Amino acid sequence: MNNTSPSFDPDSTFMYGLAAAVIVFVLAQSVFFLVRAVRRASVAGMNMSVVRKTIGSTALFTLAPAFSIMLGVVTLAKFLGLPLPWIRLSVIGAITYELPAATSTANALGISLSETVSDPSVFSAITWVMTLGILPSIILPPLLIKKIQTGIVQIKTKDSKWGDIFMTSLFMGMISAFSGMVFSHVREGLRGLLPVAVLAVSAAAMCVCGLLVKKVHAGWLENYAMPFSMIVGMVFASCAASAFGL
Amino acid sequence: MNYSEYQKVTHRWGQLWIWSAACIVLFVPVIICLKYNAWPQYESVLKGLLGVAPIYWTVGFIEVVTFTPMLGTAGTYLSFVTGNVSALKVPAALNAMESAEVKPGTEEGEIVSTIAIATASIVTTIIVALGVLLFAQLTPVINSPVLKPAFDNILPALFGGLGVVYISRNWKISIMPMAFMIVLFILVPSLGNSVGILVPAGIILALGASRIMYKKGWL
């Protein structure tokens, strides 16, 4: 490996500059599609209050997962500095992939990730593995999207009712896999039952919101039911863990 | 511009943005190597890649095929650049379409899904950027043992709320995949780390059961 660089700081100004450039690109793309969709909503004659509510409720709904992503940045920053995890978790990545990628490279190089990487060759090797290991996620959508959409349109054109059921089945398949995963630790006792209890509490909170919307006509709650039920579930997790010493 | 033309233009912009993003993503390690004159050995990258690529390339393919119909056109181009697709972008799009009472695949569905995914991306980017700026001050709070169980349980909290809405409206379709997945994960807990691969299994089950019920006139 080339170790020609005398000093290397993963938190250097250069790395922060690189991260900032990538972040500006991601923000620009998001703002571009947001503005375009809002304009189209206006042209299509959609009620603009729906647009405002969608933005408000999604922003609120995103807060908790965004903090979780930030937690991932903090985890990776312990050995990769801040800028690289900032880049990786803002473009394509997720902590569930980035951490194994870094660990796999460290194992291949026979080094420990217990302290900040100071060898630029190790750092660049980890960066390459993180990048190449997840590349299909960004290469495949532009290659496959039209074929997939054409297939869906054909199904809907042939039988519109089955087309709707087909789409619902897609959603249910995903929801069932993620909900089922929550049960994967139930045999570990109380600690393993906590995620199931959180799932149940969050579902119950959503039901209460639904009842309030229907019975008390609290229409404003409809758009905020999802973030509300999520926060109730998370608060419950915190309280239950403290109460039972989990 | 009618909806069909709008979609064509969306594809053109989407392709431009996503290929630009792919170039930027690849430029990051190149620039780091050039700046620090630190090109890694081919073997070390290959060995590291062998530990993650077989699973994540498979998951990447599965995610693209399964989530594209749910995300819509602009939503797909945006989600696969900004990441966290299954744990944030898909639930955000589903929740927004459900609240706005619009269907995926329609013009309204496309608009609402795009707005939700773009908003989720912007909020996430801003919060993570704030976290980086306030790193020293926030680290003790983020690592607090009181908050840890809350962050560890984000997915159950998310899918509890989302699940109850979809199950209550489509309970017949939900029975087979839900029962199968719960039993499977209880019997084989180690699959908890491979949920991405099990999403298509859940979809195939849901589609198979739905098709039978549809043919029998139960749906």
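What number of residues within region B:88-107 satisfy the criterion of being outside any loop (DSSP other than H, G, I, E, B) and buried (at least 21 other Cβ atoms within 10 Å of the Cβ)? Steps first, answer last, please.
First pass over region B:88-107, keeping only residues outside any loop (DSSP other than H, G, I, E, B): B:88-99, B:107.
Next, only the ones that are buried (at least 21 other Cβ atoms within 10 Å of the Cβ) stay: B:88-97, B:99.
So the count comes out to 11.
Considering only region B:163-185, I want to know if a residue exists there that is more than 8 Å from chain A (Cβ to nearest Cβ), farther than 23 Å from A:Leu170 by Cα and without any contact (Cβ under 8 Å) to a residue 24 or more places away in the chain.
No.
May I ask you to verify whether B:Trp39 is outside any helix (DSSP H, G or I), modelled with pLDDT under 95 and closer than 25 Å to A:Val22 by Cα?
Details: outside any helix (DSSP H, G or I): yes; modelled with pLDDT under 95: yes; closer than 25 Å to A:Val22 by Cα: yes.
In short, yes.
Among (1) within 9 Å of another protein chain (Cβ to nearest Cβ); (2) surrounded by fewer than 21 Cβ atoms within 10 Å (Cβ to Cβ); (3) modelled with pLDDT under 90, there is one condition A:Gly110 misses while meeting the rest; what is its number?
It fails just one condition, (1).
I'd like to know if region A:55-64 contains one or more residues that are free of Cβ contacts under 8 Å to residues at least 24 places away in the same chain and aromatic (Phe, Trp, Tyr). Show your work before the answer.
Step one: of region A:55-64, the residues free of Cβ contacts under 8 Å to residues at least 24 places away in the same chain are A:55, A:58-59, A:62.
Add one more test, that the residue is aromatic (Phe, Trp, Tyr), and what stays is none.
No.
Here is a yes/no grid of residues against (1) within 26 Å of the chain's Cα centre (by Cα); (2) in a helix (DSSP H, G or I):
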| position | (1), (2) |
| --- | --- |
| A:Ile111 | no, no |
| A:Ser124 | yes, yes |
| A:Ser137 | yes, yes |
| A:Gly151 | no, yes |
| A:Trp162 | no, yes |
| A:Ile165 | no, yes |
| A:Met172 | yes, yes |
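Hey, among A:Ala44, A:Ala59, which residue is surrounded by fewer than 20 Cβ atoms within 10 Å (Cβ to Cβ), modelled with pLDDT of 85 or more, facing chain B (nearest Cβ under 7 Å) and farther than 30 Å from A:Val235 by Cα?
Working: A:Ala59 fails: farther than 30 Å from A:Val235 by Cα.
Exactly one residue qualifies, and that residue is A:Ala44.
Between A:Met206, A:Met181, which is within 29 Å of A:Val50 (Cβ to Cβ), buried (at least 18 other Cβ atoms within 10 Å of the Cβ), at the interface with chain B (Cβ under 7 Å from one of its Cβ atoms) and not polar (S, T, N, Q)? Step through it out loud before you land on a result.
Values: A:Met181 fails: within 29 Å of A:Val50 (Cβ to Cβ).
Of the residues listed, the single one that is within 29 Å of A:Val50 (Cβ to Cβ), buried (at least 18 other Cβ atoms within 10 Å of the Cβ), at the interface with chain B (Cβ under 7 Å from one of its Cβ atoms) and not polar (S, T, N, Q) is A:Met206.
Checking the conditions here, which among A:Leu199, A:Leu211, A:Leu193 is buried (at least 24 other Cβ atoms within 10 Å of the Cβ), outside the structural domain of A:Ala64 (by TED's automatic domain parsing) and either not hydroxyl-bearing (Ser, Thr, Tyr) or not in a helix (DSSP H, G or I) (or both)?
On the way: A:Leu211 fails: buried (at least 24 other Cβ atoms within 10 Å of the Cβ); A:Leu193 fails: buried (at least 24 other Cβ atoms within 10 Å of the Cβ).
Just a single option satisfies the conditions, and that option is A:Leu199.
Any chance region B:60-69 includes a residue that's surrounded by fewer than 18 Cβ atoms within 10 Å (Cβ to Cβ), assigned to a helix (DSSP H, G or I) and hydroxyl-bearing (Ser, Thr, Tyr)?
No: region B:60-69 contains no residue that is surrounded by fewer than 18 Cβ atoms within 10 Å (Cβ to Cβ), assigned to a helix (DSSP H, G or I) and hydroxyl-bearing (Ser, Thr, Tyr).
State all residues of region B:15-36 that are closer than 26 Å to B:Glu108 by Cα and facing chain A (nearest Cβ under 7 Å); if no residue qualifies, say none.
Pass one, region B:15-36, residues closer than 26 Å to B:Glu108 by Cα: B:15-18.
Selection gives B:Gln15, B:Trp17, B:Ile18.
Would you check which residues across region A:62-96 are among the β-branched types (Val, Ile, Thr) and facing chain B (nearest Cβ under 7 Å) and list them?
Within region A:62-96, the subset among the β-branched types (Val, Ile, Thr) is A:62, A:69, A:73-75, A:87, A:91-92, A:95-96.
Scanning region A:62-96 gives A:Thr62, A:Ile69, A:Val73, A:Val74, A:Ile87, A:Val91, A:Ile92.
The values are calculated or read from the model by the stated rules, or taken from the named source; none is laboratory data. Computed from a predicted structure; not experimentally measured. With ideal geometry, Cβ positions are generated from the backbone for all residues, glycine too; neighbour counts draw on all protein chains shown.
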